[in-house]
Amino acid sequence: MEGISDIKIIGIDETRPPKIRKEPYIDIIFKLSHQAPAEWCRAFNALLAKHTATPKIKESEGVYIEAYVRTIDEIAPFLALLQAKITECSQQYIECIESAARSAGNINSALALEAGEQGRLNRAVAALDFGEIKV
């Protein structure tokens, strides 16, 4: 199974090749290695919201980065920028998930320290082993 840290650009969308428009723009759509979660897409879009090429990933698809460049010479540097931002976004996303897990662990620890019957129940539930069944 592929994870967040495995997301990378693997090419151009073959169904929508780069196209020079009448204006001085070249539409270019990059394809990701696999579908990214909607939250990751939102974070990526936010990370690049102020970039002049307005790269965007549709959260419902999570597979294509749609953008434009002004000249052919801008394509390679733009790709390098996107690759760096994908790595940065993935790292931030992973850190956010780990932080949420730590917070949940702290909340569970606090619940286990509660007094009375509720505290006893919380400690009993926290001690449950959901591993393999022992025969």
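Considering the conditions (1) over 13 Å from the mean Cα position of the chain (by Cα); (2) outside any helix (DSSP H, G or I); (3) surrounded by fewer than 14 Cβ atoms within 10 Å (Cβ to Cβ), Glu98 is excluded by exactly one of them, (2). Every condition in (1) at pLDDT 95 or above; (2) open to solvent by 70 Å² or more (accessible area, probe 1.4 Å) holds for Glu14 except the one numbered (1).
Just wondering, is there one or more residues in region 104-118 that are assigned to a strand (DSSP E or B) and modelled with pLDDT under 95? Before you say what the answer is, go through the steps one by one.
Within region 104-118, the subset assigned to a strand (DSSP E or B) is none.
No; the residues of region 104-118 include none that is assigned to a strand (DSSP E or B) and modelled with pLDDT under 95.
Restricting attention to region 19-33 and to residues that are touching a Lys or Arg at 6+ places or on another chain (Cβ under 9 Å) and open to solvent by less than 40 Å² (accessible area, probe 1.4 Å), the residue that is farthest from Gln91 (Cα to Cα) turns out to be Ile26. Give the residue that is surrounded by the most Cβ atoms within 10 Å (Cβ to Cβ), with candidates limited to residues of region 45-91 that are among the charged types (D, E, K, R) and assigned to a loop (DSSP other than H, G, I, E, B). Out of the qualifying residues, it is Glu59.
The values are calculated or read from the model by the stated rules, or taken from the named source; none is laboratory data. Every value quoted in this text rests on a predicted model; they were computed, and no experiment measured them. Cβ coordinates were reconstructed from backbone atoms using ideal geometry, including for glycine residues, and neighbour counts include every protein chain displayed. To get the accessible areas, we keep the full protein, side chains included, count just its heavy atoms, and leave off ligands, DNA and RNA. Shrake-Rupley method; radii C 1.70, N 1.55, O 1.52, S 1.80 Å.
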